[in-house]
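Scroll down for the structure; my scribbles are underneath it.
The values are calculated or read from the model by the stated rules, or taken from the named source; none is laboratory data. It should be emphasised that the depicted structure is a prediction, and the values quoted were computed from it without experimental measurement. Cβ coordinates were reconstructed from backbone atoms using ideal geometry, including for glycine residues, and neighbour counts include every protein chain displayed. Heads up: the accessible areas ignore ligands, DNA and RNA and are worked out on the full protein's heavy atoms, side chains in. Shrake-Rupley method; radii C 1.70, N 1.55, O 1.52, S 1.80 Å.
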Amino acid sequence: MDTVLSGLATGFAVALDPFNLMLVLVGCFFGTLIGALPGLGPINGVAILLPIAYSLGFPPESALILLAGIYYGAEYGGRISSILLNVPGDAGAVMTTLDGNPLARAGQAGRALSLSAVASFVGGTFAVILMSLFAPALAGFAVTFGPADYVALMVFAFASLASLVGKSTVKTLLGATIGLMMATIGIDANTGVPRYTFGIPDILAGIDFLIVVVGLFGMAELLTLVEHQARGTLKSLPVDKSFVRMADLAATKWTILRSSLIGFFIGILPGTGASVASAVAYGTEKRISDKDGTFGHGDVRGLAAPEAANNAAAGGAMVPMLTLGIPGSGTTAILLGALLMFNIQPGPMMFAQRPEVAWGLVASMYIGNVALLIINLPLVGLFARMLTIPQHYLTPLIAILAFIGIYTIVGNPHDLFMITGLGIFGWFLRKLDFSLAPVILGFVLGGLFEDNLRRALSISGGDWSILVAHWKSVLLYGLALLVVILPAWLGRRARAQARREAAAR
Amino acid sequence: MANRIFAAVLLVVTLGYAVIAFTTIKAPFQYDPLGPESWPRILSAVAILCLLFILWKPDADGLDVTRRVWFRLTAAVVLLFGYAELYEPLGFILSTILFGTILSAMLGAQKLRALGFGVASGVAGYLLCVTLMDLNLPEGALFEPLFETSQQGES
């Protein structure tokens with residue numbers, strides 16, 4: 001407990017620095033803006049703005065605070081387009097459309113927006129509190145992990161990714177493998193042997209992380225926007241004067257708490273972020289409270305559940321990223337890459353070695369949550385107006401921002417071709433139902449995975465049995481197996497039950 | 001069908017990756033039991049298995065993209081490559097004005113407004129990034145002589 005309190009004191013000293021405080025606010029504001037724009041989710045927003053944040057030359061903790069603010073704000077903002085347009089800003093906000101949009105259509109847009117802001121606030125704050133309690137303990141435990149345990153941890157991460165993310169397990173696995181393969185390009189750090197560089201000097205040090213991120217997320221998103229352009233203009237519902245009532249809060253307080261808890265723990269699972277969390281929370285809430293069948297027709301509980309969950313998951317996803325160095329979602333994978341660019345190795349040692357970064361980030365999330373609530377309640381009308389920005393201006397703007405970001409880092413126009421090429425590749429992947437998060441997770445974790453495997457085998461002198469020599473790794477392999485089998489088994493059971501019900505009818 | 005084609009292309013790339021992993025990559029001196037070649041070999045094996053599975057049992061069918069959308073996507077890609085090509089020679093301001101105007105007009109903005117958007121993003125973007133945030137953007141090879149002469153004239 002002492003470490004937590006003194007850590008938080010360090011953190012708040014960093015986060016309350018006027019400059020960092022301003023960055024939190026700026027990050028939250030722009031994050032909400034990006035999240036509110038239909039189609040642009042947190043992951044694209046962070047991807048497009050990361051290079052610019054990097055080249056501004058801030059100290060690492062400030063840059064990270066800014067990025068986390070954007071990430072956080074975007075998770076908040078995603079609900080605005082879900083409620084007003086019935087178009088989710090990102091995968092995590094899909095469930096919000098189910099009850100949020102009916103409320104807005106019933107002329108209660110203001111009430112829906114303010115209630116969801118409160119739910120988001122509670123979910124987010126809940127997650128940060130749990131995180132500041134759990135993270136140091138988890139980091140303390142993770143210090144005892146050897147290379148073989150890390151290999152097991154990676155296997156677990158990819159297993160939970162493959163079974164919980166995306167439509168097809170094989171495609172998710174392939175996506176992660178593509179990412180891992182991309183990470184092998186460049187000079188091998190252990191032996192100095194160049195791999196897959198084909199004598200091109202630009203990629204001797206490996207494909208730059210920023211190029212992969214901006215290409216796969218920013219540019220691929222742009223092509224998707226171009227593709228969808230013809231499908232008609234979006235019509236935004238007006239924001240009215242209605243506001244959240246005490247009765248709503250009373251009706252949803254248990255919903256919000258339950259969903260926050262669900263969201264946080266699902267967020268912790270490696271690879272599963274806000275989208276899975278909000279879906280599970282909505283499903284659970286529907287099963288528990290939907291007695292009159294009002295869910296899906298503008299039930300406040302159905303609105304509060306996914307919103308609390310996806311913001312709690314955003315906080316939960318930070319836990320494995322900060323303590324183990326293994327990100328819990330695509331967006332935290334990008335934040336992890338950002339840390340690596342600042343030469344900070346996230347992982348158990350970070351809380352001890354760079355407390356100002358680790359705790360500064362945690363403290364900035366407390367502040368960010370409050371700031372978001374304050375920004376969101378009165379300014380929601382402004383954000384709602386952003387929804388009416390025509391897509392034909394937004395699309396070129398993404399390209400312009402991406403180009404500025406990439407060019408200002410190295411000043412090499414070849415990188416601009418690289419991001420466009422990767423964007424085309426990413427568009428095809430998305431079009432064919434691959435999700436992109438596994439690719440980026442594989443790319444970020446590739447080096448760590450290989451290093452630990454090789455280190456483990458060096459210790460054992462080439463004996464593969466070291467990988468299962470310790471109870472920790474065996475436990476993790478067991479969990480990996482469980483996380484693959486359990487959803488498949490539950491799915492089969494649900495299908496069998498549905499068939500029985502259909503037969504009974 | 002699209003799935004199969006995509007998987008087949010990826011398979012060819014992966015086979016190339018595997019061939020290199022199994023033949024070319026070698027450390028002159030073995031430092032650790034695995035060396036630089038084992039990891040790519042494992043990865044290529046996993047990827048090939050996944051790809052064969054997709055080839056055997058593809059899930060989605062078509063891409064659901066009409067010819068008009070294909071045309072527009074190709075145009076957008078060509079524009080992006082053109083933008084990248086002209087980024088340094090024309091400089092940020094001019095290339096962004098061109099790119100912003102053409103793409104927004106192509107996506108359905110009125111011509112005058114598209115021009116306004118292009119000019120605004122080019123000029124404002126340059127001022128914001130270079131003056132305010134001190135970032136490095138190309139001023140354009142075409143204009144460099146101009147800048148230099150004007151600076152010489154001043155000094």
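Quick grid of which residues meet (1) touching a residue at least 60 places away in the same chain (Cβ under 8 Å); (2) within 7 Å of chain A (Cβ to nearest Cβ); (3) assigned to a helix (DSSP H, G or I); (4) open to solvent by 50 Å² or more (accessible area, probe 1.4 Å):
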position	(1), (2), (3), (4)
B:Val13	no, no, yes, yes
B:Ile20	no, yes, yes, no
B:Ile25	no, yes, no, no
B:Phe29	no, no, no, yes
B:Pro36	no, yes, yes, no
B:Pro40	no, yes, yes, no
B:Ile54	no, yes, yes, no
- [ ] Check A:Ile404, A:Ile374 and return the single one that is within 11 Å of chain B (Cβ to nearest Cβ), modelled with pLDDT of 85 or more and over 30 Å from A:Leu161 (Cβ atoms).
- [x] A:Ile404
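Given the criterion more than 27 Å from A:Phe428 (Cα to Cα), more than 10 Å from chain A (Cβ to nearest Cβ) and surrounded by 19 or more Cβ atoms within 10 Å (Cβ to Cβ), identify the matching residue among B:Leu90, B:Leu115, B:Leu135.
Working: B:Leu115 fails: surrounded by 19 or more Cβ atoms within 10 Å (Cβ to Cβ); B:Leu135 fails: more than 10 Å from chain A (Cβ to nearest Cβ).
Only one candidate passes the filter, namely B:Leu90.
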Open item on the list: Looking at A:Ser473, A:Ser435, A:Ser460, A:Ser465 in this structure, which one is closer than 23 Å to A:Thr331 by Cα and of a type in the set (Ser, Thr, Tyr)?
Closed with: A:Ser435
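For every residue, the table says whether it meets (1) closer than 30 Å to B:Arg67 by Cα; (2) in contact with a Lys or Arg (Cβ under 7 Å, 6 or more places away or on another chain); (3) of a type outside the set (D, E, K, R).
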| position | (1), (2), (3) |
| --- | --- |
| A:Ala176 | no, no, yes |
| A:Asp188 | no, yes, no |
| A:Gly199 | no, no, yes |
| A:Phe209 | no, no, yes |
| A:Gly215 | yes, no, yes |
| A:Leu225 | yes, no, yes |
| A:His228 | yes, no, yes |
| A:Pro238 | no, no, yes |
TODO: Enumerate the pairs (first residue in region B:107-119 and at positive phi; second residue anywhere and of a type outside the set (A, V, I, L, M, F, W, C) and part of a loop (DSSP other than H, G, I, E, B)) with beta-carbon separation below 8 Å, excluding pairs fewer than 6 apart on the same chain, so at least 6 apart or on different chains.
DONE: B:Gly108/A:Gln229; B:Gly108/A:Pro390
TODO: Would you check which residues across region A:17-57 are more than 30 Å from A:Leu223 (Cβ to Cβ) and at pLDDT 85 or above and list them?
DONE: A:Asp17, A:Pro18, A:Phe19, A:Asn20, A:Leu21, A:Met22, A:Leu23, A:Val24, A:Leu25
Task: Subset of region A:409-454 that is over 19 Å from the mean Cα position of the chain (by Cα) and of a type in the set (Val, Ile, Thr) - its residue that is modelled with the lowest pLDDT - done: A:Val410
- [ ] For A:Ile83, indicate whether it is surrounded by 21 or more Cβ atoms within 10 Å (Cβ to Cβ), at negative phi, among the aliphatic types (A, V, I, L, M) and touching a residue at least 24 places away in the same chain (Cβ under 8 Å).
- [x] yes
- [ ] Answer with yes or no whether A:Leu5 is surrounded by fewer than 24 Cβ atoms within 10 Å (Cβ to Cβ), more than 27 Å from A:Leu138 (Cβ to Cβ) and modelled with pLDDT of 80 or more.
- [x] no
Task: Elements of type helices (runs of 4 or more DSSP H) contained in region A:268-341, each with 2 or more residues being open to solvent by 10 Å² or more (accessible area, probe 1.4 Å) and farther than 16 Å from A:Arg79 by Cβ - done: A:274-289, A:330-341
- [ ] Within region A:196-222, work out how many residues are open to solvent by less than 10 Å² (accessible area, probe 1.4 Å) and at the interface with chain B (Cβ under 9 Å from one of its Cβ atoms).
- [x] 2
Task: Condition met for B:Ala76 (open to solvent by less than 30 Å² (accessible area, probe 1.4 Å), in a helix (DSSP H, G or I) and at pLDDT 90 or above) - done: yes
Task: Any hit, region A:131-154, residues being open to solvent by less than 20 Å² (accessible area, probe 1.4 Å), under 30 Å from A:Ala488 (Cβ atoms) and modelled with pLDDT under 85 - done: yes
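Given the structure, is A:Ala119 at pLDDT 85 or above, in a helix (DSSP H, G or I) and farther than 30 Å from B:Leu128 by Cβ?
Against the criterion (at pLDDT 85 or above, in a helix (DSSP H, G or I) and farther than 30 Å from B:Leu128 by Cβ), A:Ala119 qualifies.
Any chance region A:291-299 includes a residue that's modelled with pLDDT under 85 and either among the aromatic types (Phe, Trp, Tyr) or closer than 16 Å to A:Ala358 by Cβ (or both)?
Looking through region A:291-299, at least one residue is modelled with pLDDT under 85 and either among the aromatic types (Phe, Trp, Tyr) or closer than 16 Å to A:Ala358 by Cβ (or both).
Going by the conditions given, is B:Gly140 more than 7 Å from chain A (Cβ to nearest Cβ), surrounded by 15 or more Cβ atoms within 10 Å (Cβ to Cβ) and at pLDDT below 90? Give the derivation first.
On the way: more than 7 Å from chain A (Cβ to nearest Cβ): yes; surrounded by 15 or more Cβ atoms within 10 Å (Cβ to Cβ): yes; at pLDDT below 90: yes.
Yes; evaluated as a whole, the condition is true for this residue.
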TODO: Tell me, please, whether a residue that is part of a helix (DSSP H, G or I) and away from every other protein chain (no Cβ under 11 Å) can be found in region A:414-423.
DONE: yes
TODO: List every residue pair whose Cβ atoms lie under 9 Å apart, where the two residues are 6 or more positions apart in sequence or sit on different chains, the first residue falls within region A:378-405 and is over 17 Å from B:Leu107 (Cβ atoms), and the second residue, located anywhere, is open to solvent by 40 Å² or more (accessible area, probe 1.4 Å) and at pLDDT 85 or above.
DONE: A:Leu379/A:Phe29
